[in-house]
Every structure is written in structure tokens, then in C-alpha cells.
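The values are calculated or read from the model by the stated rules, or taken from the named source; none is laboratory data. Bear in mind the structure is a predicted one, so any value in this text is a computation, not a measurement. Ideal geometry is used to build each Cβ from the backbone, glycine not excepted, and the neighbour counts take in all protein chains shown. Remember, those area values only see protein heavy atoms, side chains included, never the ligands or the DNA or RNA. Shrake-Rupley method; radii C 1.70, N 1.55, O 1.52, S 1.80 Å.
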Amino acid sequence: MAESVERPLPAPVAYLLLVRMWSRSAWQYRASLLLTGLGQILTTSLDLIAILVLYSQVTLIGGFTLPQTLYLYGTTRVAFALSDLVASGVETLADSIRLGTFDLVLIRPVSTLAQVMADQFTPKRFGKLVPAAATLVWALIDLPLHWTPARIAVCVGTIVCGFVLFCAFWVLSGCISFLAVDAREVANTFTYGSEFATEYPLTIFGRPLGLALTFVLPVAFVTWQPALYVLGHPDPFGLPGFLRLASPAVAVVFAALAALAWRACIRRYRSTGS
Amino acid sequence: MRVYLTAARLSLRRHLAYRSSAAAGVATNTVFGFIRTFVLLALWRQKTVINGWDAADACTYSFLTQALIAPMGVFMTGTELGPRIRTGDVAVDLYRPVDFQSWWLALDAGRAVGSGMLRSLPPVLVGALFFPMALPLSPLRWAAFLLCCLVGYLVSFSLRYLISLVAFWTMDERGMAAITFAVGFFCSGMILPLTAMPPRLDSVLQLTPWAAVIQIPASVLFGTQSGGLAYALAFGLAWALLLLGAGRLLTGAARRKVVVQGG
């Protein structure tokens, strides 16, 4: 026991311990947990129905067929659901800053980011993963593609990089809460907004906004650019081909940016006081 | 009656105080309005008219419904009653010498008016800067729209009140809220306008209470509601009365049976 007091827990171990603690707490309200999990499955499925409804009226949206859009939707949703599972505890940050309980986070000898990301973890978030993964499998079966090792690698890489990018968005959205406590809903634009925007072919936003979503906010690197590679689709905006494989680099840069921003926020934090 | 008006007025004043939070909400509602508009335009680019709606109607619909999210409580997060049941604070509410349901209606109405005042105009104005809009000029049409919003609000309140009451039995209303949100968001026409759905799906969805919250007020404003204003009001009021009645019965049951949390 004395040893653990002297040496702080490594962040991943602390994170997993906190996740286990919060899961057990959520498990106390079993009916509510099952219902919220079901709610998450439903929300994701009904979005999918909306896409099917759109395609019941037309064959192409933004120049993409139904299986192609389902691929975009599936990869986006799986990557987002994974990031939601791991990092969406950040959402409660604004409240804990406002109430002053964030001070407690700072005095514990555990990584602040691990504590914040694990905050109020609930297993209900697995619910989002179910229809997302099912859609992706459906798209993969329906797509008339020849699966080369390179394609498979990029497809898996899409989800990994998308996951990292979305996690970076979560952390950055947490940084917004440090700057303006009331801005919680603006932070949502970052996370849920970029998820929503990248579920559809980027072409629907037109060229100026499409380019902004590539070079200003790297939403296009979540699934759009690597998907163009996997689907073997020419870039409708005529951007150079190497961008299709640039997602890992973008993800690393954004993860680093998010980590730096987080450190800066922690260093600058002044308690709200009473 | 005076006590409820006072409660509503004080609740309104409290909600008007959170201006920066409302500004953040407006920004978010507007951004999502843009994304939804682009999705709808992708459809309308290929079919110029769907069920009597052209592209300008679709753009108007996205931003108008984004503006309605906060006042109409489309996210179905329950009322402020839910958390009070969870913490046990509801004990105080239960011995107030007022009608329990009307008391919560008054408080929630204050909230709705407040967020309507702060949050409803900006998304539509910003949307109008970037997209073609088809807002009618006739004041009568707007009066009919507001009337439908009022009825739709009653439906939304009575649903959210029922969700909150669930906490008396399960100790946590969030599960019920999550399910109602998922179903309601789709059925109200927030994901896609009901009028853009396949006719058979549309005709079923038009019968759910959520249709009265978003789709029907919008259709009345555009003048495309089948059956006109009279049908819209009758439909909404029927659901509101039914759901308010259910809320009243459940409130009675909760009062007689339930043990309050806390200590």
C-alpha cells in the first residue's frame, strides 16, 4: 500500500480502474442502463433509416451510391463510437469546472486527462457500436470491390485514425470548456458536428466548404480521404492523391496538438472559487 | 391561477439570465442547421419538388426546426422534475399547496418562452443569409404557426412530464428519456422532414404525437398541411389532452404509493 502512495499510477492503469468503478456505479441502475443502451442503438439505427429513405428517392447522393455512403457512414460511426466509449467523459468537464469539483481532479496523484476521460463512464456507449459495426459489415459485403492487402490495411487504418482524430476533438472540446464554461454546446459542434458532417459524401457541402473541412478542420481525414482510396473513387475536388494516405500523419499532429492544448489549459486553470 | 403565472414569470426570468449559454446554443443550432440543409439540398438537387416542397422550403425547414429545438424541448430530456426526484428534493415540491402537474407546466413554460426569445430568431436569420428561404409574409399564417407551436409545446411538455414521472418508480428517468429521444427525433421530422419520407411511412409517422411538435407547425407555416389549421389544432390538442390526462393519473399513483429518495 505504501508503495502505491509514493508512486502515482500510470495513466492507462488509472483510466481502466476508473472505468471499472464508473461501470459498477452505472450497473446499480440496471433498468436505466439497459434502456439508455437501447436508446443509443435506436438513435444510430434511425439515422441509418434516414440514409435509406434518402436513397429510396434517388440513386446517387453527392455522386455516391448507397453502399459507398454506407461505407462512409459505417467507418465514421464505428470510429466515433469507439472515441465516445473512450473519451466522451470530457463532456462533463464544463459542469465540474463550473461547480468547482475540478479542483479535486487536480489534487489526486493521477493523470488529469485519464480522470476526465473516464468521468461518468457508462457501458451504455457500447450501444452505439452495434448498429455502426453492422452497417459497416453490410457496406463491405455490398461494395463491388477487389480486396487487396493495401485496401484492407487502409480500411482498418481509417477506423484507427478516425478514432484518434475524434479523441483529439473530444480533448479539444474539453479545452473550450476551460476558456468559456457556458460554451458546452459549442464544444458539441466540434465532436457531434464533425461526426455528422463526415457521415455523408463531402461533395454535398460544395467545393469551398469541402476544402475548409479538409484543410481548416481536418474532418475530411476521418473517413473521406481514406475512403476515396478504398472505394477507388477519383477525388471530386481534384485534390492530390497522397492526401488519401495522409490520415495517420494528420491524426498524430492533431493528437499532439490536443495534448499540448490540454497541458496549457491545466497550467492556466484558475479555480472558479465560491 | 396567479401562483402559476408568477412561477412561469420567475422561471422565464431565470432562463433569460443564461445569455452566454444561449449564445452557445444558437451557434450550435445554426451549425447543425447548415449540415442538415446541405443533406436535404443533396436530395432536392435531383428532385426539384417533393410533396409540394421545393429547395427553398427545405432550407427554411432545416433552419426553422433547428430554431424550434430548444423551446419545444425536442431532445426529450424530461423536465427539471426528473433530477429532483433522483435527489429527493421533490419532497418539497409535493407539499406545495398547488396542483403538481400545473406547477411543472408553469415552470417549463417559462423555460420554453425564455429559450424561444433568446434562441429562435438567430438560426433562421443566419440561414437566410446563405440559403434561399421561403418564409410567408402573411401575418395570418404566422399566427396559425404560433398557435400550432403552442399546441405542439403542450404535447412536448406532457411527454416530457411523463418521462420525468418514471423516475418515481425507476429512480432514474434518463433511460426512458433516451428511448423517447431516439424515437421522437425521427418521428418529429428532425432527421428528415416527414413530407420527404415514402408516402406510407409518412402517413404512419404523421399520426404520432411528435408530428404535432415539429412537422405540423412547419407545414402549417408553409401552407401545405393537409386538412389545414383546423386538423392541425384538433390533432395536436387530442394528443395533448390524452397525454396530460395520463400524466395526471400517474401523478396520483405516484403520490399515493411512492417513497421519496434521500436522507
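Being open to solvent by 70 Å² or more (accessible area, probe 1.4 Å) and part of a loop (DSSP other than H, G, I, E, B) is the filter here; which residues of segment B:220-261 pass it?
B:SER226, B:VAL259
Would you please name the residue that is nearest to the other protein chains (Cβ to nearest Cβ), looking only at residues in segment B:196-219 that are farther than 20 Å from B:ALA70 by Cβ and buried (at least 24 other Cβ atoms within 10 Å of the Cβ)? Steps first, please.
Keep residues of segment B:196-219 that are farther than 20 Å from B:ALA70 by Cβ, which gives B:196-208, B:219.
Adding the requirement that they be buried (at least 24 other Cβ atoms within 10 Å of the Cβ) leaves B:197, B:219.
Working: B:MET197: 6, B:SER219: 18 Å.
Restricting to residues being farther than 20 Å from B:ALA70 by Cβ and buried (at least 24 other Cβ atoms within 10 Å of the Cβ), the top hit is B:MET197.
Restrict the check to segment B:171-192 and report whether at least one residue is among the acidic types (Asp, Glu), in a loop (DSSP other than H, G, I, E, B) and either open to solvent by less than 60 Å² (accessible area, probe 1.4 Å) or within 14 Å of chain A (Cβ to nearest Cβ) (or both). Please lay out each step first, then the result.
So in segment B:171-192, the residues among the acidic types (Asp, Glu) come out as B:172-173.
Next, from what is left, pick out any that are in a loop (DSSP other than H, G, I, E, B): B:172-173.
With the extra rule that they be either open to solvent by less than 60 Å² (accessible area, probe 1.4 Å) or within 14 Å of chain A (Cβ to nearest Cβ) (or both), the set shrinks to B:172-173.
Among the residues of segment B:171-192, at least one is among the acidic types (Asp, Glu), in a loop (DSSP other than H, G, I, E, B) and either open to solvent by less than 60 Å² (accessible area, probe 1.4 Å) or within 14 Å of chain A (Cβ to nearest Cβ) (or both), which makes the answer yes.
Output the number of the condition that A:GLY238 fails; it satisfies all remaining conditions of (1) more than 14 Å from chain B (Cβ to nearest Cβ); (2) open to solvent by 40 Å² or more (accessible area, probe 1.4 Å); (3) assigned to a helix (DSSP H, G or I).
Result: A:GLY238 passes all but (3).
When you look at A:PHE178, is it among the aromatic types (Phe, Trp, Tyr), farther than 29 Å from A:PRO131 by Cβ and not in a helix (DSSP H, G or I), yes or no? Steps first, answer last, please.
Working: among the aromatic types (Phe, Trp, Tyr): yes; farther than 29 Å from A:PRO131 by Cβ: yes; not in a helix (DSSP H, G or I): no.
For A:PHE178, the condition - among the aromatic types (Phe, Trp, Tyr), farther than 29 Å from A:PRO131 by Cβ and not in a helix (DSSP H, G or I) - is not met.
Of the numbered conditions (1) within 20 Å of the chain's Cα centre (by Cα); (2) closer than 22 Å to B:ASP172 by Cα, A:ARG24 fails exactly one; give the number of that condition.
(1)
Pick from A:ARG125, A:ARG108: which is more than 10 Å from chain B (Cβ to nearest Cβ), open to solvent by less than 40 Å² (accessible area, probe 1.4 Å), out of contact with any Phe, Trp or Tyr (no Cβ under 9 Å at 6 or more places or on another chain) and over 18 Å from A:PHE178 (Cα atoms)?
On the way: A:ARG108 fails: open to solvent by less than 40 Å² (accessible area, probe 1.4 Å).
Selected residue: A:ARG125, the only one of A:ARG125, A:ARG108 that is more than 10 Å from chain B (Cβ to nearest Cβ), open to solvent by less than 40 Å² (accessible area, probe 1.4 Å), out of contact with any Phe, Trp or Tyr (no Cβ under 9 Å at 6 or more places or on another chain) and over 18 Å from A:PHE178 (Cα atoms).
Anything in segment A:135-144 that is open to solvent by less than 40 Å² (accessible area, probe 1.4 Å) and assigned to a loop (DSSP other than H, G, I, E, B)? List them, or say none. Give the derivation first.
Quick first cut of segment A:135-144, residues open to solvent by less than 40 Å² (accessible area, probe 1.4 Å) only: A:135-136, A:139, A:143.
Selection gives A:LEU143 alone.
Tell me which residues, restricted to segment A:187-208, are in contact with a Ser or Thr (Cβ under 8 Å, 6 or more places away or on another chain) and of a type in the set (Phe, Trp, Tyr).
Within segment A:187-208, A:PHE190, A:TYR200 qualify.
Please count how many residues of segment B:68-95 are under 17 Å from the mean Cα position of the chain (by Cα), β-branched (Val, Ile, Thr) and either surrounded by fewer than 15 Cβ atoms within 10 Å (Cβ to Cβ) or farther than 20 Å from A:LEU35 by Cα (or both).
1
Those residues that are open to solvent by 30 Å² or more (accessible area, probe 1.4 Å) and either small (Gly, Ala, Ser) or within 17 Å of B:CYS187 (Cβ to Cβ) (or both), I need them from segment A:46-61; list them, please. Even if it seems obvious, please write down each step before you answer.
Pass one, segment A:46-61, residues open to solvent by 30 Å² or more (accessible area, probe 1.4 Å): A:47, A:49, A:52, A:56-57, A:59-60.
Listed by number, the residues that qualify are A:ASP47, A:ILE49, A:LEU52, A:SER56.
Within segment B:33-45, can one find any residue that is within 9 Å of chain A (Cβ to nearest Cβ), under 17 Å from A:ALA187 (Cα atoms) and free of Cβ contacts under 8 Å to residues at least 60 places away in the same chain?
Yes, the conditions are met somewhere in segment B:33-45.
A:LEU38 - would you say it is within 24 Å of the chain's Cα centre (by Cα), open to solvent by 60 Å² or more (accessible area, probe 1.4 Å) and at the interface with chain B (Cβ under 9 Å from one of its Cβ atoms)? Steps first, please.
Values: within 24 Å of the chain's Cα centre (by Cα): yes; open to solvent by 60 Å² or more (accessible area, probe 1.4 Å): yes; at the interface with chain B (Cβ under 9 Å from one of its Cβ atoms): yes.
Taking the combined requirement at face value, the residue satisfies it.
Within segment A:110-134, track down each residue that is among the hydrophobic types (A, V, I, L, M, F, W, C), assigned to a loop (DSSP other than H, G, I, E, B) and modelled with pLDDT of 90 or more. It would help to see each step written out before you state the result.
Residues of segment A:110-134 that are among the hydrophobic types (A, V, I, L, M, F, W, C), as a first pass: A:110, A:113-114, A:116-118, A:121, A:126, A:129-130, A:132-134.
From the residues that got through so far, the ones that are assigned to a loop (DSSP other than H, G, I, E, B) too are A:110, A:121.
Of everything in segment A:110-134, just one residue is among the hydrophobic types (A, V, I, L, M, F, W, C), assigned to a loop (DSSP other than H, G, I, E, B) and modelled with pLDDT of 90 or more, namely A:PHE121.
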